[in-house]
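The values are calculated or read from the model by the stated rules, or taken from the named source; none is laboratory data. Note that the structure is a prediction, hence the values are computed from the model and not measured. Glycine also receives a Cβ, built like all others from the backbone with ideal geometry; neighbour counts cover every protein chain displayed. Accessible surface areas use protein heavy atoms only, side chains included; no ligands, DNA or RNA. Shrake-Rupley method; radii C 1.70, N 1.55, O 1.52, S 1.80 Å.
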Amino acid sequence: KNGVVHRDLKPENIIVNSEDRVKLIDFGIAAKSGARRLTFAKFSQTLGTPDYISPEQIRGKRGDGRSDIYALGVMLYEMLTGKTPFRGPNAFAIMNDRLLNNPIPPREINPEISPQLQEIIYRALERDPKNRYGSAREFAWDLDHQDQTGVADRPELRNWKQRRSPWPRRI
């Protein structure tokens, strides 16, 4: 709500103080919304953390508050399943997996997750930021009112086993 995009949200950058108040730390690559766009000549720490970076940041586009929502969705997925939604042997493979494939549905890993909570996770993890929660407030409202969350018939729930690779197969 203050117009700042963190751009590197990850568990290490979120602390809870003695009064149970959440604090964000390490604003090293944060940007003010609407600030001049930065471009990256090569992959570096200034881009974000591969497990939590949003698809638009991978593509070199300007991130906004929805990029941080994406990272929060990844963390929620991880908290509920014990795994990050996208994996690979290195940073580039993880980022490509995020761009090309769907994660294992959280309920496949942890059947105790409700369909509504799974839907909330998927909304936070939408590849297109226009389809993601527009604000942390909207995301939190759905988390607090899961009984009022509709569940979409998502193709991601059916085709998640199909894996694509950015590299052509050699015959």
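Given R0 = 30 Å, the distance between the Cβ atoms of K130 and S18 translates into a calculated FRET efficiency of 0.15. The simple spin-label model puts a point 7 Å past each Cα toward its Cβ; for M79 and W160 those points are separated by 1.9 nm. Counting only protein heavy atoms and a 1.4 Å probe, the range 85-171 has 64 square angstrom of accessible area per residue.
Scaling the Cα radius of gyration of the range 51-117 by the globular reference 2.2 N^0.38 Å produces a ratio of 1.13. Summing Lys and Arg as +1 and Asp and Glu as -1 over all other residues whose Cβ lies under 14 Å from the Cβ of E108 gives a net charge of +3. Shown for the range 55-156: the carbon plus sulfur share of the solvent-accessible area, taken with all protein chains present and a 1.4 angstrom probe, equals 49%.
Each Cα pair under 8 Å and six or more residues apart adds its sequence gap; the mean of these over the residue count of the range 62-155 is a relative contact order of 32 percent. The Cα center of the range 102-171 and the Cα center of the range 54-75 differ in position by 15 Å.
Peptide packing: for 94-104, 111-121, the average count of neighbouring Cβ atoms within 10 Å per residue gives the ranking 94-104, 111-121, highest mean first.
Ordering E56, E108 by accessible area with a probe of 1.4 Å, largest first, what comes out? Provide the component values of the computation, followed by the final result.
On the way: E56 10, E108 120 Å².
The ordering from most to least exposed comes out as E108, E56.
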